[in-house]
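What follows is a single structure, written as structure tokens, with notes after it.
The values are calculated or read from the model by the stated rules, or taken from the named source; none is laboratory data. Since this is a predicted model, take the numbers as computed values, not measurements. Here the Cβ positions follow ideal geometry from the backbone for every residue, glycine too, while neighbour counts run over all protein chains shown.
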Amino acid sequence: MSTVYSVDVEATAPVYDTEVTDRVADAIRRIFPNAEIEEGHGELRATTHDLEHLSELLHRQEILDTARGVFFGSLEADTFAFDLKKQAAFEEVVNFSVGDPDELGEIHVRVRVNDPDAESYIDHVAPPTEGGKPVDPE
């Protein structure tokens with residue numbers, strides 16, 4: 001039996017004067033295809049309740065260890081957050097933004113895990129690896 005996760009994901013991205021709003025929305029949808037996107041003053045705000053596509057991309061790109069480091073590095077109680085580069089997201093590529101802000105801005109993602117717990121959800125999205133391959137917990 002698989003675990004049912006209850007999570008709230010909120011992604012925000014600035015939309016600069018030099019950008020086309022629809023392209024920024026497309027960048028968000030390529031990482032979070034089920035997201036509902038609303039346009040605000042100078043930014044887009046998206047909400048969804050899963051990170052399944054993000055998890056698939058992390059597996060495909062073989063960056064699970066990097067993702068785990070980013071997720072656990074920001075973990076506070078039931079919440080973790082991370083930033084993604086917008087240009088890479090538009091190409092359906094996960095590229096975490098660390099250090100200096102990207103000139104196009106980032107997609108800021110905040111994940112609140114309601115059930116069961118954040119650590120278990122991170123293990124689900126980006127499982128531990130051994131030799132670069134996901135470790136089967138069973």
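Structure data summary
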| quantity | calculated |
| --- | --- |
| Test: residue in the range 84-94 that is at pLDDT 95 or above, surrounded by fewer than 18 Cβ atoms within 10 Å (Cβ to Cβ) and in contact with a strand residue (DSSP E or B) (Cβ under 9 Å, 6 or more places away or on another chain) | yes |
| Within the range 1-37, tally of residues that are of a type in the set (A, V, I, L, M, F, W, C), under 13 Å from Ala89 (Cα atoms) and outside any loop (DSSP other than H, G, I, E, B) | 7 |
| Any hit, the range 44-65, residues being under 18 Å from Thr12 (Cβ atoms), small (Gly, Ala, Ser) and modelled with pLDDT of 95 or more | yes |
| Per-region count, the range 35-62, residues among the hydroxyl-bearing types (Ser, Thr, Tyr), buried (at least 16 other Cβ atoms within 10 Å of the Cβ) and in contact with an Asp or Glu (Cβ under 8 Å, 6 or more places away or on another chain) | 1 |
| Enumeration of residues in the range 38-51 that are within 15 Å of the chain's Cα centre (by Cα), without any contact (Cβ under 8 Å) to a residue 60 or more places away in the chain and outside any strand (DSSP E or B) | His49, Asp50 |
| Condition met for Asp65 (exposed (fewer than 14 other Cβ atoms within 10 Å of the Cβ), in contact (Cβ under 8 Å) with a residue 60 or more places away in the chain and in a helix (DSSP H, G or I)) | yes |
| Residues that are part of a loop (DSSP other than H, G, I, E, B) and either touching a helix residue (DSSP H, G or I) at 6+ places or on another chain (Cβ under 6 Å) or loosely packed, with under 13 Cβ neighbours inside 10 Å (or both), drawn from the range 106-126 | Ala126 |
